[in-house]
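Peer 1: Before I ask anything, let me first share the structure, which is written out below as structure tokens.
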Amino acid sequence: MKVEPDSRFFLFLSLGICFLVGTFSQSGWGTLAGTGFQDAAPSRICVIDLQKVFDSSPQRDELESTLKVAEREKLQVMEGINKEILKLQSEGKLYRPGSSEYDRIQHGLSQKQAEFGFLQKKFDRELTEMLFDARKQVLLSIRDQMKEVCQSRGFDMVIQRAYSPKQSPPLEIVLWSRPQYDITEDVLARITGKQ
């Protein structure tokens, strides 16, 4: 997924806001007298390497095996249709173009090719939806564990350490933080059951 310029603008805007929140929380909210922020408590912000947690999640392994089974089943269907196409192509070579038998085979061949194309798109869409839904479930589970860790340690906000699209290098959102503000290992322990 490509990060568009508009996305970068909002990303850097949000990072700037986080910087300002951190600056004002250290210098005191009283410096903003008359704005209503003078009594606000400083926010505690932590970071997480969400990709590392996702990759280490046992649910991810279940997700991969389920998707592999579904993909294998769909490939078997596609291979069956492809064999029929190859058979019709070889039969078509036996007849003279323009003969009724040749036309019948060509008609059957075009139907099978259309069916193959339709099913290929349908299966791709189904697998993409399965992947999206399963990934969403894993991320919701991680979010629940992350929320519990944040509440137990008194954090108000979590920032993802980096955005890792398929391309490299990843977009570093948090360039540095003190180790005590990184909750990755705590969430990993809860997810994997190794508390």
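The values are calculated or read from the model by the stated rules, or taken from the named source; none is laboratory data. As the structure is a computational prediction, the values presented were derived from the model and not from experiment. Note that each Cβ is placed from the backbone with ideal geometry, even for glycine, and that neighbours are counted across all protein chains shown.
Peer 1: Yes or no: the range 104-116 includes at least one residue that is modelled with pLDDT under 95, surrounded by 15 or more Cβ atoms within 10 Å (Cβ to Cβ) and among the β-branched types (Val, Ile, Thr).
Peer 2: Checked against the condition, which is being modelled with pLDDT under 95, surrounded by 15 or more Cβ atoms within 10 Å (Cβ to Cβ) and among the β-branched types (Val, Ile, Thr), the range 104-116 yields at least one hit.
Peer 1: When only residues in the range 133-157 that are surrounded by 15 or more Cβ atoms within 10 Å (Cβ to Cβ) and in contact with a strand residue (DSSP E or B) (Cβ under 8 Å, 6 or more places away or on another chain) count, which is nearest to Ser56 (Cα to Cα)?
Peer 2: Ranking the qualifying residues of the range 133-157, first place goes to Met146.
Peer 1: Checking the conditions here, which among Val138, Val149 is under 25 Å from Leu67 (Cβ atoms) and touching a residue at least 12 places away in the same chain (Cβ under 8 Å)? Reasoning before the result, please.
Peer 2: Working: Val149 fails: under 25 Å from Leu67 (Cβ atoms).
Result: Val138 is the single residue among Val138, Val149 that is under 25 Å from Leu67 (Cβ atoms) and touching a residue at least 12 places away in the same chain (Cβ under 8 Å).
Peer 1: Further, regarding this structure: If you go through the range 129-143 one residue at a time, do you hit one that is of a type in the set (Val, Ile, Thr) and not in a helix (DSSP H, G or I)?
Peer 2: no
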